[in-house]
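The values are calculated or read from the model by the stated rules, or taken from the named source; none is laboratory data. All figures in this text were calculated on a predicted structure; none of them were measured in a lab. Cβ sites come from the backbone with ideal geometry, for glycine too, and all protein chains shown count toward neighbours.
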Amino acid sequence: MSHGFDPSIVQDFFTESGELLERLDHDLVTLEQSPSDPELLSQVFRALHTIKGSASFLSLTHLVAVAHAAESALNSARNRVITIDRRAMDLLLSAVDAIRKQFTQLAQGADLTPADSEVVRLLASLGEGQAPGPTVQTGSGVSAGPGCRQDQHRSPQGRGRHLEHPGSGNHHHDPHPPHRRHHDRDDGRRVRRDLRPPAH
């Protein structure tokens, strides 16, 4: 799916952005443990900024929208306007999942599905320095609200989330456990290989 662009340009986008997306998985896990690390915040911000810029050049508006919202939240954290707490991390992980899904759709020649509008809205609010509003349950399973305590539903490893996995009916399920994140990184490598447009 070239959108009228030279296939080599699309291939460059897949290669560069695919590598950045793979690195984001690892960096976000690390950021969860060190949410105020300025170097790490800048690294994640730059990755999202680059993905957004490349997607904008290719007129991938749905991808641009979610990448921009996530980038804005990271920029607020870099400027110490907000802190990447558990709720913010949940939203960032959902944004990266949405971008990964859009990459797969792009490689398959399908129309891109917009990211969950509530995830985008809440990330944009963080980008403006505002705390998320009343508790909501998004289509991505992200529950965000000021009443959530930092230690609520935490696993002993500190990575448990208060999310409801879509369709599970279990509000204590962690959709991003450490073992899944390793699988995600493996999936990212597979997606990167699969994203190569067919040779002409």
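Filtering the range 37-51 for residues that are aromatic (Phe, Trp, Tyr) and in contact (Cβ under 8 Å) with a residue 40 or more places away in the chain leaves an empty set.
Go through the range 1-60 and report how many residues are among the acidic types (Asp, Glu) and closer than 21 Å to residue 81 by Cβ. Walk me through how you get there before you give the answer.
Initial filter on the range 1-60 (among the acidic types (Asp, Glu)): 6, 12, 16, 19, 22, 25, 27, 32, 37, 39.
With the extra rule that they be closer than 21 Å to residue 81 by Cβ, the set shrinks to 27, 32, 37, 39.
Summing the residues that are among the acidic types (Asp, Glu) and closer than 21 Å to residue 81 by Cβ in the range 1-60 gives 4.
Filtered by the rule that a residue be out of contact with any Ser or Thr (no Cβ under 9 Å at 6 or more places or on another chain) and assigned to a loop (DSSP other than H, G, I, E, B), the range 59-98 gives 59, 79, 81, 85. Would you be able to say whether some residue in the range 69-88 is buried (at least 20 other Cβ atoms within 10 Å of the Cβ) and in contact with a strand residue (DSSP E or B) (Cβ under 7 Å, 6 or more places away or on another chain)? Scanning the range 69-88, I find at least one residue that is buried (at least 20 other Cβ atoms within 10 Å of the Cβ) and in contact with a strand residue (DSSP E or B) (Cβ under 7 Å, 6 or more places away or on another chain), so the answer is yes. Does at least one position in the range 95-105 carry a residue that is out of contact with any strand residue (DSSP E or B) (no Cβ under 8 Å at 6 or more places or on another chain), surrounded by fewer than 18 Cβ atoms within 10 Å (Cβ to Cβ) and at pLDDT below 95? Checked the range 95-105: at least one residue is out of contact with any strand residue (DSSP E or B) (no Cβ under 8 Å at 6 or more places or on another chain), surrounded by fewer than 18 Cβ atoms within 10 Å (Cβ to Cβ) and at pLDDT below 95.
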